[in-house]
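Take a look at the structure below.
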Amino acid sequence: MQIHGLNKTTLLDYPEHVAATIFTGGCNFCCPFCHNKDLVLNPSAVPLIAEEEVLAFLKKRIGILSGVCITGGEPTLQKDLPKFIRKIKDLGYLVKLDTNGSRPKVLKSLLEEGLLDYVAMDVKNSPEKYGTTIGKMVGTAGREDDSGIKDDTRIKDSCTDMVSESISLIKESGVSHEFRTTVVRELHKEEDIAMIAEWIKGADAYFLQAYRDNENVIRKGFSAYGKAEMEKMAEIAGKYVSRVEIRGLE
């Protein structure tokens, strides 16, 4: 496992649990509004934390922490992810996975093995806008990678199928879950939120996250919607998902 960060205690990342958050490096998306610029663009420059060190910490915190959140980057790119989660589960922890949904085969395997207790999936935009929203094509030169997406194929045509499959897997899994969208004024309109909400119809929960600019975003220059506008979008999404909430409003 390529572990590049450890938040030893969080009350926010895993709903209703005191948890630790583990950050993996690398991502097959490059969303320009992403706050984890270094983990996405240059993970090799971020110091590694040994897997043994993380597991030793978690062993010491048994009885204090109840959950572990694995985020990124995109954790499903890590070939050792199932093995690593098994070690965490053996310590008695609940596991929450944050994912962009681009690798449904990995997600399906994890769900079928019972390794996940909570899944949070980012739905970046409506299907027609996926290519521009995620910022780059997926894959490596001249061949398909494990996601099945070629580098010469736009995400709109290839990854939306993967995302759709992941949405269905999550909703049908019986595992607690949420879907979420970081709402950026320059990228999202009310009709996009309506399309996303219809896409995930019947989900446990949908969170609209207010964009916040900071020094770690991949590309500067984006802006957020105000409270009233976000509330209107939540009302629209509520036609399809029973629980819709807004996060991150100042």
Seminar exercise, completed: For residue 86 and residue 239, extending 7 Å from Cα along the Cα-Cβ vector and measuring point to point gives, in nm, a value of 4.7 nm
Exercise. Hey, what number do you get for the chain at 222 nm if only DSSP H runs of n ≥ 4 count, each worth -39500 (n - 2.57), divided across all residues, to the nearest 500?
Worked result: -9000 deg cm²/dmol
Exercise. At what distance in angstrom do the alpha carbon centres of the range 33-55 and the range 210-250 lie from each other?
Worked result: 26 Å
Exercise. Among the lysines, which fall within straight-line cross-link reach of residue 59, defined as a Cα-Cα distance under 19 Å, with same-chain neighbours fewer than 8 residues apart omitted?
Worked result: 8, 83, 87, 89, 96
Exercise. Taking the Cα atoms only, what angle lies between the long axis of helix 227-237 and the longest principal axis of the chain, rounded to 10 degrees?
Worked result: 90 degrees
For this session: Above 28 angstrom, tally the Cα pairs of the range 3-247 and express them as a % of all pairs, no decimals.
Result: 30 percent
Problem set entry | Proximal lysines relative to residue 239, as straight alpha-carbon distance under 22 Å, when same-chain residues fewer than 8 apart are discounted | 124, 129, 171, 189, 201, 227
For this session: Enter the per residue convex hull volume of the range 74-135, computed from alpha-carbon coordinates, in Å³ rounded to the nearest integer.
Result: 83 Å³
Exercise. Mean separation of Cα pairs under 8 Å and 6+ residues apart, divided by the residue count of the range 1-81: what relative contact order is that in percent?
Worked result: 43 percent
Exercise. According to the square roots a ≥ b ≥ c of the eigenvalues of the Cα gyration tensor, what is the shape class of the range 1-78, taking rounded for a/c under 1.5, prolate for a/b larger than b/c otherwise, and oblate for the remainder?
Worked result: oblate
Exercise. Using a Gaussian network for the chain with springs between C-alpha atoms less than 10 Å apart, which of these wobbles most: 224, 19, 50?
Worked result: 50
For this session: Which order do the peptides 38-46, 113-121, 215-223 take when ranked by the mean count of other beta-carbon atoms within 10 Å per residue, highest first?
Result: 113-121, 38-46, 215-223
Exercise. How much length is gained if the chain between residue 223 and residue 108 is pulled fully straight, taking 0.36 nm per residue apart and subtracting their Cα-Cα distance, in nm to one decimal?
Worked result: 37.9 nm
Exercise. With +1 on each Lys and Arg Cβ and -1 on each Asp and Glu Cβ, how big is the dipole of the range 3-247 about its Cα centre, in debye rounded to the nearest 20?
Worked result: 360 debye
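FYI, it's all coordinate maths here, none of it is from the lab. Keep in mind it's a predicted model, so treat the numbers as computed, not measured. Positions of Cβ are generated from backbone atoms using ideal geometry, with glycine treated the same way; all protein chains shown enter the neighbour counts.
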